[in-house]
Amino acid sequence: MCRQCEGLFQYSKRCSSTSDAECTCKEGYRCGGDGCTFCIRSCGVGQESTRSGCQACRYGTFNDQPNGSCKNWTMCSGNQVLEPGTPAKDVICKDASVNFTSVTTVPTTSLEIPFSITVPGKDVQTDTIRISLAVAGLSCIVFLLPLCICFSVWQKKKLHAVFKKMHTLEQSVQEDDACSCHFPEEEQGEYQNPGKSTELRDLLMN
């Protein structure tokens, strides 16, 4: 038995001995389900389909495609809105990177070389320079290391000699101070024994 296209349906292909009839929806409606089993009202731009039919997109949403669904407007950063949104159109934001000053540009052409130029022996020269620098660096290290060691040893010996000399000088100063301490006692003894001093002077005069 062939399918009957009635009501909101209309024939898109008639029934034949080899195939069944195919139905489509009348103008203002669109097919729903597999094989167009039912028809729903077609909704235009700025609308979306609901159970009760087509309904306009609520504030803050839009639909720019027929039989589409409503989507939220784009949120512009810092409320930089260039054009407000409508049920059929999204919000257009200001682009800070856009410069409206017209600039005249002169087209330039660049010369492209379809082949690469290689310099013979360039890699060999580079390797030779690197090896020479490495050898020079190692030579400096080998030469400077013994000098640093010798200088350190010489510095220690010099400091030891200076400390030894200072110690000897300090001992000699202490001995001089010890000797100088006896002279006042001798002078004091002379003043305490004036008789002995007089006798000694008489003996020397005779």
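Computed from the coordinates by the stated procedures, all read-outs in this text should not be read as laboratory data. The structure displayed is predicted, hence computed values, not measured ones. All Cβ positions, even for glycine, are placed from backbone atoms using ideal geometry, and neighbour counts span all protein chains on display.
Below is a table of values for the structure above.
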{"quantity": "Label-point gap, in nm, between SER139 and ASN67 - each point 7 angstrom along Cα→Cβ", "calculated": "8.7 nm"}
{"quantity": "Under 14 Å, Cβ to Cβ, from GLU48 - net charge with Lys/Arg +1 and Asp/Glu -1", "calculated": "+4"}
{"quantity": "Relative packing of 135-144, 31-40, which averages over residues the other C-beta atoms within 10 Å, highest first", "calculated": "31-40, 135-144"}
{"quantity": "Rough spin-label spacing in nm, given labels placed 7 Å along Cα→Cβ, for THR50 and THR37", "calculated": "2.5 nm"}
{"quantity": "Given charges at Cβ of Lys, Arg, Asp, Glu: the range 9-93 dipole, positive-most of VAL91, ASN79, ASN63", "calculated": "ASN63"}
